[in-house]
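The values are calculated or read from the model by the stated rules, or taken from the named source; none is laboratory data. None of these values were measured; they are calculated from a predicted model. Backbone-built Cβ (ideal geometry, glycine too); neighbour counts: all protein chains shown.
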Amino acid sequence: MARPREFDETAALDAAVEHFWLRGYESTSVRELAAAMGITAASLYNAFGDKRALFKMALARYIETSIEGRAIREHESTVHAIEVFFDDIVNFSLKDKDQKGCLLVNSALQLSDDDADLKRDLSDVFIEIETFFERAITKGQEQGEVSSGLPATDLARLLLGALLGIRVLARVRPNRALLEGIARSALLVLKV
C-alpha cells in the first residue's frame, strides 16, 4: 500500500514555479528544486515525475494563476475588454518587485535549441493567447467597434507582440508611462 504524501502538493508546485521563475529551467537542478519545494528528490520524482514533467506542470500552474491565464472578463465592448486586459498586465508587471518578468517569456528565451518539446509547449501558449485576441477582434469587427482596416489575425499578432514587449520591458524598465504607452499605441490601431 502506498504511503500518503506528507507534503502539500499545491504548495510544493507553487514553490517550483517560483524557483523556475527566478532561476530558469536550464539553470535549475533537481536538488535545488527539491530544496526549494521543501521535499526530497525522491518525493519530487514520485509526485511530479522528472524535471521536465515538473516544469510542464509549473508552466500550467503559472498560466492558471497569472494574468495571462485569466480569460478576459466579459464586457459589452470588445475594445474595453482588451483595454482592461492590458491595464491588468501593466499593473501585474509593475507589482513584480523582484523584476522576474514573465515565466513564459523568460523560458522561451532561455531554452536551448535542442529542447523542441518544451519550445512547442510554450509556442502553444502564445498561440492560445493570439487566438483569444483574434476571436475578440473578429467579434469587435463584426460589431463595427474594431477597425477592419487590417485582418483580425494581424491585429491579434500585434497585440501579442505588445503583450510580450510589455512583459520583457517591465523586467528591465518597470516604468508605468513606458508600459502604458505601448499598450495605448497597440490599442489605438483597433479603434474605428
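Is it the case that region 8-18 has a residue that's within 22 Å of Ala116 (Cα to Cα) and modelled with pLDDT of 90 or more? Yes, the conditions are met somewhere in region 8-18. Can you say whether Ala47 is more than 19 Å from the chain's Cα centre (by Cα) and in a helix (DSSP H, G or I), as far as the supplied structure shows? Against the criterion (more than 19 Å from the chain's Cα centre (by Cα) and in a helix (DSSP H, G or I)), Ala47 qualifies. Do we have any residue at all in region 150-168 that's surrounded by fewer than 18 Cβ atoms within 10 Å (Cβ to Cβ), in contact with a Leu (Cβ under 7 Å, 6 or more places away or on another chain) and at pLDDT 90 or above? There is no residue in region 150-168 that is surrounded by fewer than 18 Cβ atoms within 10 Å (Cβ to Cβ), in contact with a Leu (Cβ under 7 Å, 6 or more places away or on another chain) and at pLDDT 90 or above. Pairs meeting the criteria (first residue in region 44-59 and modelled with pLDDT under 95, second residue not in a helix (DSSP H, G or I), beta carbons under 7 Å, at least 6 apart or on different chains) are Ala47/Arg5; Phe55/Tyr25.
In region 122-144, is there at least one residue being buried (at least 17 other Cβ atoms within 10 Å of the Cβ), in contact (Cβ under 8 Å) with a residue 40 or more places away in the chain and charged (D, E, K, R)? No, region 122-144 contains no residue that is buried (at least 17 other Cβ atoms within 10 Å of the Cβ), in contact (Cβ under 8 Å) with a residue 40 or more places away in the chain and charged (D, E, K, R). Only one of the numbered conditions (1) surrounded by fewer than 15 Cβ atoms within 10 Å (Cβ to Cβ); (2) part of a helix (DSSP H, G or I) is violated by Ser27, and that is (2). Taking the listed residues Ala156, Ala108, the one that is closer than 22 Å to Ala16 by Cβ, without any contact (Cβ under 8 Å) to a residue 40 or more places away in the chain, touching a Lys or Arg at 6+ places or on another chain (Cβ under 9 Å) and aliphatic (A, V, I, L, M) is Ala108, with no other qualifying. Quick one: is Gly149 over 17 Å from the mean Cα position of the chain (by Cα) and on the phi > 0 side of the Ramachandran plot? So Gly149 does not fit the description; no.
Does region 132-145 contain at least one residue that is closer than 27 Å to Leu54 by Cβ and either touching a helix residue (DSSP H, G or I) at 6+ places or on another chain (Cβ under 6 Å) or part of a helix (DSSP H, G or I) (or both)? Yes; the residues of region 132-145 include at least one that is closer than 27 Å to Leu54 by Cβ and either touching a helix residue (DSSP H, G or I) at 6+ places or on another chain (Cβ under 6 Å) or part of a helix (DSSP H, G or I) (or both).
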